[in-house]
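All of the numbers you see were taken from the coordinates with simple rules; none came from a lab. On a predicted model such as this, the values are computed, not experimentally measured, just so you know. Cβ sites come from the backbone with ideal geometry, for glycine too, and all protein chains shown count toward neighbours.
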Amino acid sequence: MTKHSGYVAGAWIGEAVTDRITVRNPATGAPLGDIPRLGAAETRRAIEAAAAALSEESSLDQRRTWLETIAEMLLKRRDALAATITAEQGKPTRESLAEVDYSAGFFRYFATELHHLEDRTLPGEIRSCRWVVRHRPAGVVGLIAPWNFPLAMLCKKLSAALAAGCAVVAKPAELTPLSAIALFEILHELRLPAGLVNLVMGDAPAIGQVMCEDARVRIVSFTGSTDVGRRLSVQAAPHLKRLSLELGGNAPFIVLRDADLQRAAEALMTNKFRAAGQTCVCANRIYVAREVVGAFVELLRPRVESLVVGNGALPTTDIGPLINKAAFAKVMRQVRHAMSLGATRVVGSDAVPPEHDWGCFFPPTLLQGVRAEMEICQQETFGPVIAISAFDDEESVLKEANATEYGLAAYLFTNDPQKARRYAARLHCGHVGINTGQGPTPEAPFGGVKHSGFGREGGVEGLLEFTETQTSATAS
Ligand code: ADP
């Protein structure tokens, strides 16, 4: 296990810090190493280094080379990075490999889109001036990432920030910092200008507070819980600081009577069980037309029963552990609450298999007869549980689907393109999958509405998120 952890002004920091946080493998509970509890002082140093690195603006060609090289290096270390992701996050190796590819995809994508940052001269002479619109780097940006995609969530933000010409202070989740450290080892080898990229970790509230309060940080880009997002909003408000928040979700997955049920079942299995159900775009509330709900459950039953739960490092594993015991307890509470109010458990059990004594392996579960008042509908589940409700008509299902403070993703299955358009227009969310459970991709903007946050990642919108528009008028 590597000793270094933080990275400031082109050098590793934190080796000598004695107050340390143990990082554990969620499959076994085994310690993987420890990280220093860095805080406000180190964050200020990182911001200072980042601000200094911005004294010279990088050219678009320079940025393109950095982005392309980072993508190549990520792919060169694909297996080692995937092993680190699986060890600290728990997901099966094939998902970790896909996460490395996805991460590299963001760097590659932004390398091809830098022309959007070129100066735009307005045609003709306006008010006796020549007008030019420039997309300037926003400045120093703070990036705070969660534990469910320990590499990809950071790469999404970092790629766009570097493409836009910003300098970065990044903070991974303390539960999964090792992938971020591995990423910074690559950045270190690349010899980027000192201070352009910095890494801090440890005391999350202290680090977040400095990012919000220090005037040199122009944007804080955060992915995580709605509670922390709200807290950052409050802290940033007096400083009029721009925020980009990708927060929780509670995605409806609607299957209409005319849908291809087989296709919907396959899409749901892939979407729902990715990262053991711990993604913000995982389908959370499954609404199926009453006429076909029985048939749909029967399509799902054997598929859920056949899922292999285990250590993500084993090639046979479909579903790894939840991130920790608290996550396990929360999901079990939601399942029990639903059952106490009348839901039927079609697949699943209370028992934790004895060989999995660390206690984070949640049995894949299929619930039927779920209703809006159950916790499992009201909260984000973040676990491998399919919760099915039957619905009777368009109005009632759309009303229920939208009856949540969240608005990140929604999915709709129907063979009628007109209905698809009509439903999609009425769903309050940032991402709609039609006859697919597909989540975000580097090429398309992704983000939420309502309490799922604001701002976009990916796509040209995700690049412009890290810029300031400057307009210059030159007298002719
Ligand atoms: P989750 O519930 O998915 O763990 P969190 O919102 O707690 O999500 O964590 C997402 C990220 O936010 C992590 O990097 C975590 O360390 C960080 N974080 C937690 N609390 C704060 C805070 N008060 N200020 C800034 N970042 C925080």
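With the cut-off at 1.5 for a/c, could you classify region 184-255 from its C-alpha gyration tensor as rounded, prolate or oblate?
It is oblate, given that a/c is not under 1.5 and a/b is not larger than b/c.
Round to the nearest 0.05 the FRET efficiency obtained for Ser349 and Ser225 when R0 = 45 Å and r is the Cβ-Cβ distance.
Details: r = 28 Å, r/R0 = 0.63.
Approximately 0.95, to the nearest 0.05.
Rounded to whole Å, give me the distance from the Cα center of region 426-472 to that of region 238-298.
When both Cα centres are located, 18 Å separates them.
Could you list the trypsin sites (Lys or Arg not before Pro) in region 145-212 that lie in coil according to DSSP, counting only those with at most 14 other Cβ atoms within 10 Å of their Cβ?
Here the sparse-neighbourhood loop sites are Arg191.
Using only Cα atoms, tell me the angle between helix 40-53 and the longest principal axis of the chain; keep it within 0 to 90° and round to the nearest 10.
50
Calculate the translational D of the chain in whole µm² s⁻¹ from Stokes-Einstein, where the hydrodynamic radius comes from the Kirkwood formula applied to all Cα pairs, the temperature is 10 °C and the viscosity 1.306 mPa s.
Answer, rounded: 68 µm²/s.
Quick one: angle between helix 226-236 and the longest Cα principal axis of the chain, in degrees between 0 and 90, rounded to 10, please.
With rounding to tens, the tilt is 20 degrees.
Considering only C-alpha atoms, what is the centroid distance from region 133-200 to region 2-39, in Å?
Rounded to whole Å, the Cα centres lie 17 Å apart.
Only Cα pairs under 8 Å and at least 6 apart count here; give the relative contact order of region 191-339 as a rounded whole percent.
15
Can you pull out the trypsin sites (Lys or Arg not before Pro) in region 306-392 whose DSSP state is coil and whose Cβ has at most 16 other Cβ atoms within 10 Å?
Those that pass, being in a loop and sparsely packed, are Arg371.
Region 411-476: which GluC sites (Glu not before Pro) are DSSP loop and have at most 15 other beta-carbon atoms within 10 angstrom?
For GluC sites (Glu not before Pro) across region 411-476 that sit outside H, G, I, E and B with at most 15 neighbouring Cβ atoms in 10 Å, the list reads Glu443.
Set Lys and Arg Cβ to +1 and Asp and Glu Cβ to -1, take the dipole of the chain about its Cα centre, and tell me which of Leu341, Ala215, Gly165 lies farthest positive.
Ala215
Compute the Cα gyration tensor for region 368-476, then decide on rounded, prolate or oblate, letting a ≥ b ≥ c be the square roots of its eigenvalues: rounded whenever a/c is under 1.5, prolate when a/b is larger than b/c in the other cases, and oblate in all that remain. Intermediate values should be presented prior to the final figure.
Numbers: a/c = 2.59, a/b = 2.07, b/c = 1.25.
Prolate shape, in that a/c is at least 1.5 and a/b is the bigger ratio.
Based solely on its DSSP helices, what 222 nm [θ] is calculated for the chain when runs of n ≥ 4 H residues each add -39,500 (n - 2.57) and the sum is averaged over all residues, nearest 500 deg cm²/dmol?
On the way: 15 runs with 181 residues, N = 476.
So the helix-based figure for the chain works out to -12000 deg cm²/dmol.
Mind checking the angle between helix 261-273 and the chain's longest principal axis? C-alpha axes, 0 to 90 degrees, to the nearest 10.
60
Grab the alpha carbons of region 208-249, take their convex hull, and tell me the volume per residue in Å³.
52
Could you compute how fast region 296-363 diffuses translationally, taking Rh as the Kirkwood radius over C-alpha pairs and applying Stokes-Einstein at 25 °C with viscosity 0.890 mPa s? Give it in µm² per second. Write out the running numbers ahead of the final one.
Working: Rh = 13.2 Å.
In µm²/s, the coefficient is 187.
Could you tell me whether region 120-251 comes out rounded, prolate or oblate from its Cα gyration tensor? Rule is a ≥ b ≥ c as square roots of the eigenvalues, rounded for a/c under 1.5, then prolate if a/b exceeds b/c, otherwise oblate. Could you put the intermediate results ahead of the total?
Details: a/c = 2.10, a/b = 1.51, b/c = 1.39.
Prolate.
Could you grab the relative contact order for the chain? Cα pairs under 8 Å, six or more apart, rounded to a whole percent.
In percent, rounded to a whole number, it is 19.
Give me the Å³ per residue figure for the convex hull around the C-alpha atoms of region 393-444.
Enclosed volume per residue, from the Cα hull, is 82 Å³.
Please report, to one decimal in angstroms, the Kirkwood hydrodynamic radius of region 74-137 built from all distinct Cα-Cα pairs.
One over the average 1/r among Cα pairs gives 14.9 Å for region 74-137.
Going by average Cβ density within 10 Å per residue, which order do the peptides 9-22, 284-297 take, highest to lowest?
Working: 9-22: 14.1, 284-297: 20.2.
Peptide ranking by packing, descending: 284-297, 9-22.
As a test of understanding, state the convex hull volume per residue of region 287-333 from its alpha carbons, in Å³.
Residue-normalised Cα hull volume stands at 103 Å³.
With +1 assigned to the C-beta of every Lys and Arg and -1 to the C-beta of every Asp and Glu, and no other charges, what is the dipole magnitude of the chain about the Cα centre in debye, to the nearest 20?
About 500 debye.
Would you mind counting up the charge near Leu412? Only other residues with Cβ under 14 Å from its Cβ, with Lys and Arg at +1 and Asp and Glu at -1.
+2
Alpha carbon centre of region 322-344 versus region 49-124: separation in Å?
Using only Cα atoms, the two centres lie 37 Å from each other.
Using packing as a proxy for protection, rank 221-227, 412-418 so that the peptide with the highest average count of other Cβ atoms within 10 Å comes first. Intermediate values should be presented prior to the final figure.
Details: 221-227: 21.6, 412-418: 16.6.
Answer by packing, highest mean first, reads 221-227, 412-418.
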